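What follows is a set of notes on a single structure, which appears directly below.
The values are calculated or read from the model by the stated rules, or taken from the named source; none is laboratory data. The structure displayed is predicted, hence computed values, not measured ones. Cβ placement follows ideal geometry from the backbone for every residue including glycine, while neighbour counts extend to all protein chains displayed.
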Amino acid sequence: MKKIASILIAPFAFITKYFKACVFLLIVVLILISTKNQEQPNKDANLAKIYLQGPILDSASIYEQIKKINQNPKIKGALLLINSPGGAISASVEISDMIKDLNLKIPVVAYVQGTMASGSYYGGMYATKIYANRGAMIGSIGVIFNGVNLAELMDKIGIKTQTLAMGAYKEIGTPTRKWNPKEEAFLKELLQEEYKMFIDDVADARNLNAKNYQQFAEGKVFSARNAKKLGLIDEIGTLDDAIATLQDLAQVENPIWLEKSKFDAYLEKIINSSTQIILQNFTYKLQ
């Protein structure tokens with residue numbers, strides 16, 4: 001009986017001992033299956049979807065999506081699906097440049113599912129056409145630098161900082177004290193430079209007059225109807241309207257989509273949920 005019991009228990013003991021390794025192997029198998037399942041439709045794809053969703057912390061996801069598109073010469077157009085509150089300046093600029101470059105090769109039609117604000121507006125504004133559903137929120141063209149002053153709290157609980165810094169502005173933005181006038185002036189100059197770049201790029205992408213920036217910028221958020229009046233988007237419509245326009249521009253009658261694998265989509269959903277928490281403490285972003 002002991003021998004039989006040991007034989008029955010052995011597999012469970014093995015799994016318990018090598019649990020992490022088993023989980024890793026399972027993930028690898030899922031990735032391989034997912035890749036295999038996507039191989040055939042990807043081969044014949046003539047249209048692609050690009051997902052700009054959630055807080056923008058980096059441009060890696062968009063880079064990988066566009067890289068796959070560029071590797072497939074059969075793809076004639078791309079649908080950029082946007083639902084993002086924006087995020088980091090540098091990442092938003094990188095995404096903007098990538099979409100602009102892709103749009104020179106194939107038509108890119110953007111569709112605003114919910115929000116195209118701040119950095120996500122920057123990222124998608126160079127699309128050939130921008131569609132938005134009638135409930136979408138668009139704009140928030142501006143720049144912000146957030147910070148906190150913990151000096152009083154630190155005094156109450158008896159915490160004192162010790163810092164050695166070389167350079168008058170090395171501690172700029174510190175939360176341990178109030179920023180001095182020189183630091184505030186420097187930050188304002190920096191933000192003004194970034195803000196002007198944002199305005200000028202929007203004017204270039206949407207054929208607007210940068211001198212009229214107070215109408216379309218200043219951090220204002222617009223309804224789809226007002227965004228269209230200002231020239232920030234082209235049309236108010238449905239996802240099907242955006243797809244129909246893309247097919248027309250790309251001259252594709254029977255669309256075959258280059259889709260993400262289910263595994264990749266699920267993984268990105270988890271990452272986006274996690275970054276929502278990170279963004280709450282993110283201090284330097286477009287707004």
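Which pairs do you get when a residue that is in contact (Cβ under 8 Å) with a residue 40 or more places away in the chain, found in segment 103-128, comes within reach of a residue that is hydroxyl-bearing (Ser, Thr, Tyr) and assigned to a helix (DSSP H, G or I), reach meaning Cβ atoms under 6 angstrom, with the pair 6+ apart or on two chains?
Between residues of segment 103-128 that are in contact (Cβ under 8 Å) with a residue 40 or more places away in the chain and residues that are hydroxyl-bearing (Ser, Thr, Tyr) and assigned to a helix (DSSP H, G or I), the close pairs are Val109/Thr245; Gly119/Ser92; Tyr122/Ser92; Tyr122/Ser96; Gly123/Ser92; Gly123/Ser96.
Kindly establish whether Glu194 is among the acidic types (Asp, Glu) and in contact (Cβ under 8 Å) with a residue 60 or more places away in the chain.
So Glu194 fits the description; yes.
Taking the stated definitions as given, is Lys211 within 22 Å of Val93 (Cβ to Cβ) and assigned to a helix (DSSP H, G or I)?
Spelling it out, it is not the case that Lys211 is within 22 Å of Val93 (Cβ to Cβ) and assigned to a helix (DSSP H, G or I).
Say whether the condition of being aliphatic (A, V, I, L, M) and closer than 24 Å to Phe186 by Cβ is met by at least one residue in segment 93-109.
yes
Conditions tested, residue by residue: (1) more than 19 Å from the chain's Cα centre (by Cα); (2) at pLDDT below 95; (3) in a strand (DSSP E or B).
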{"position": "Phe222", "(1), (2), (3)": "yes, no, yes"}
{"position": "Ile233", "(1), (2), (3)": "no, no, no"}
{"position": "Ile243", "(1), (2), (3)": "yes, no, no"}
{"position": "Gln247", "(1), (2), (3)": "yes, no, no"}
{"position": "Tyr266", "(1), (2), (3)": "no, yes, no"}
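A quick yes/no check of all residues on (1) of a type in the set (Lys, Arg); (2) under 19 Å from Gly219 (Cβ atoms); (3) surrounded by fewer than 15 Cβ atoms within 10 Å (Cβ to Cβ):
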{"site": "Ile56", "(1), (2), (3)": "no, yes, no"}
{"site": "Lys68", "(1), (2), (3)": "yes, no, no"}
{"site": "Ile89", "(1), (2), (3)": "no, yes, no"}
{"site": "Val93", "(1), (2), (3)": "no, yes, no"}
{"site": "Ile99", "(1), (2), (3)": "no, no, no"}
{"site": "Ser118", "(1), (2), (3)": "no, yes, no"}
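For every residue, the table says whether it meets (1) modelled with pLDDT under 90; (2) surrounded by fewer than 10 Cβ atoms within 10 Å (Cβ to Cβ).
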site	(1), (2)
Lys156	yes, yes
Gln162	yes, yes
Met166	yes, yes
Arg177	yes, no
Glu183	yes, no
Phe186	no, no
Tyr195	no, no
